[in-house]
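Peer 1: Please read through the structure below; I'll follow up with questions.
The values are calculated or read from the model by the stated rules, or taken from the named source; none is laboratory data. Just so we're clear, the structure is a prediction, and the values are computed from it rather than from any experiment. Don't worry about glycine lacking a Cβ; one is built from the backbone with ideal geometry, like all the others, and counts go over all protein chains shown. Heavy atoms of the whole protein, side chains included, go into the accessibility calculation; ligands, DNA and RNA do not. Shrake-Rupley method; radii C 1.70, N 1.55, O 1.52, S 1.80 Å.
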Amino acid sequence: QVQLVESGGGLVQPGGSLRLSCAASGSISRVNVMGWYRQAPGKQRDLVATITSGGTTNYADSVKGRFSISRDNAKNTWYLQMNSLKPEDTAVYYCQIRTAMASKWGQGTQVTVSS
């Protein structure tokens, strides 16, 4: 059973930075895609960024140049570095790990960008 534990959300002023972490435990395929999604109130859950086990990254246009996804395969942990945060980045952020057989979501962490 794969378990994901997220950390790093919080309240930050516009222009500030936060780093989210997601640690996976359990039986994890070496071939996987780790990602971050977000869901604002009243909106659908949208892709933020993904990174494959080979290191290929993909970003939503709205976060390109501001957010960076990375992973530590030895720790089964991935990160989302968020810089130059804007109020419209406010959402619950969810991590996800996806393999050929299944996917798993984290519990979500609130990110609020406000002065």
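Peer 1: What does the charge add up to near M82, with Lys and Arg as +1, Asp and Glu as -1, over the other residues with Cβ less than 11 Å from its Cβ?
Peer 2: +3
Peer 1: On a 1.4 Å probe surface of the protein chains, which of D46, D61 comes out largest in accessible area, and what is the full order?
Peer 2: D61, D46
Peer 1: Cβ under 13 Å from V63's Cβ, V63 left aside: what net charge do those residues give with Lys, Arg +1 and Asp, Glu -1?
Peer 2: 0
Peer 1: Got the relative contact order for the chain handy, in percent, Cα pairs under 8 Å and 6 or more residues apart?
Peer 2: Reported relative contact order: 36 percent.
Peer 1: Say the dipole of the range 1-111 comes from +1 at the beta carbon of Lys and Arg and -1 at that of Asp and Glu; which of Y37, S25, C95 then lies farthest toward its positive end?
Peer 2: Checked the options; the winner is S25.
Peer 1: If you don't mind, there's one more thing I want to ask. Test of understanding: in a Gaussian network model of the chain with alpha carbons linked when under 10 Å, which of S68, S27, S53 would top the mean-square fluctuation ranking?
Peer 2: So, out of S68, S27, S53, the one fluctuating most is S27.
Peer 1: Expressed as a whole percentage, what fraction of the accessible surface of the chain belongs to carbon and sulfur atoms when a 1.4 Å probe is rolled over the protein heavy atoms?
Peer 2: 47 percent
Peer 1: Also, I was wondering about something else. Counting heavy atoms of the protein chains only and a 1.4 Å probe, report the per residue accessible area for the chain as a whole number of Å².
Peer 2: Here the per-residue accessible area is 54 Å².
Peer 1: Rounded to two decimals, what ratio of Rg to Rh does the chain give with C-alpha atoms and a Kirkwood Rh?
Peer 2: Rg/Rh for the chain comes to 0.96.
Peer 1: At 1.4 Å probe size, what's the solvent-accessible area of T52? Round to the nearest 10 Å².
Peer 2: Counting only protein heavy atoms, the figure is 40 Å².
Peer 1: Just to make sure I understand: if all protein chains stay in place, what is the order of V33, V63 by accessible area at 1.4 Å, largest first?
Peer 2: Putting V33, V63 in descending order of accessible area: V33, V63.
Peer 1: Can you pull the one-decimal nm distance between simple spin-label points at V5 and D61, each 7 Å off the Cα toward Cβ?
Peer 2: Simple spin-label model gives 3.9 nm for this pair.
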